[in-house]
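Notes follow the structure.
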Amino acid sequence: MKTIQLKDIKKTFHIGGEIIRALDGITLTVYRGDFVAIIGTSGSGKSTLMNILGCLDQADEGEYLLEGVPVSQLDKNALADIRNQRIGFVFQGFNLLPRTTALENVQLPLIYRRHNRINDPVKKAENALDMVGLADRMHHEPNQLSGGQQQRVAIARALVTDPAIILADEPSGNLDSRTTEEILALFQQLNDNGITIILVTHEMDVAEHAKHVVDFKDGRIINNYGVSHRRYALRQPA
């Protein structure tokens, strides 16, 4: 089933009197249960695309269908509900609240949920932390956790609403090689459990953990690869 369909997506920014075309006609399909890595250098447009996928920004032109629904036709409340319930976000900088425990950080999306409120948000957050291997650290604050542990808390926060999709923007950017492998193994495990994952990176070694790699350059898809046994077979963009 098609989870995400992008049709000729375009996005421009006006910076210092100059027009920057961040996305220049992106057409892409992501199927339910896929694990896609979007790779490209800084300024290639991949983070702009992630903002559009996460309903944090809108395209200037083109169509974005999320599970068959045209995103451009949704109002602010509907978009907020999607961000809170359908999509989980993981960022390079962790974005955890200081002087707040891991458990309290993970509960935050449940507190701001407008619909389908959870009867026991504490238990739900505990389960999410257990899923990422941090059951014994849930009462620690971010400054008491390693970088890898903080990223696991961020992943637990993304998982606590049972999202269909996780968007991860450079999730290993602040981590060492060993911790990066642990975090990517966790993403693979979550994907094996049926969660669709879209990950942005500029590192090929990170991208190789995905099932498909979408290569960006100057706001365009230049290649779409299928990954098999850490080797690449060229695939035409969907």
When residues of the range 86-103 are filtered for being in a helix (DSSP H, G or I) and of a type outside the set (Gly, Ala, Ser), how many remain? 2
Elements of type helices (runs of 4 or more DSSP H) contained in the range 129-238, each with 2 or more residues being hydroxyl-bearing (Ser, Thr, Tyr), under 30 Å from ILE20 (Cβ atoms) and touching a residue at least 60 places away in the same chain (Cβ under 8 Å): none
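Considering only the range 103-160, how many residues are basic (Lys, Arg) and within 18 Å of the chain's Cα centre (by Cα)? It would help to see each step written out before you state the result.
Just the residues of the range 103-160 that are basic (Lys, Arg), to begin with: 113-114, 117, 123-124, 137, 152, 157.
Now restrict to residues that are within 18 Å of the chain's Cα centre (by Cα): 152, 157.
Number satisfying all stated conditions: 2.
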Take the conditions touching a Leu at 6+ places or on another chain (Cβ under 7 Å) and not in a loop (DSSP other than H, G, I, E, B) and apply them to VAL106. Does it pass? yes
Residues being within 28 Å of GLY226 (Cβ to Cβ), among the small types (Gly, Ala, Ser) and part of a helix (DSSP H, G or I): count how many of those fall in the range 30-85. 1
Of everything in the range 123-162 that's in contact with a Phe, Trp or Tyr (Cβ under 9 Å, 6 or more places away or on another chain) and of a type outside the set (S, T, N, Q), which residue is nearest to PHE89 (Cα to Cα)? ALA158
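None of the figures in this text is laboratory data; all of them are computed from the coordinates on show. Given the structure is predicted, the values throughout are model-derived calculations rather than measurements. As a convention, Cβ positions derive from the backbone with ideal geometry for all residues, glycine included, and neighbour counts pool all protein chains shown.
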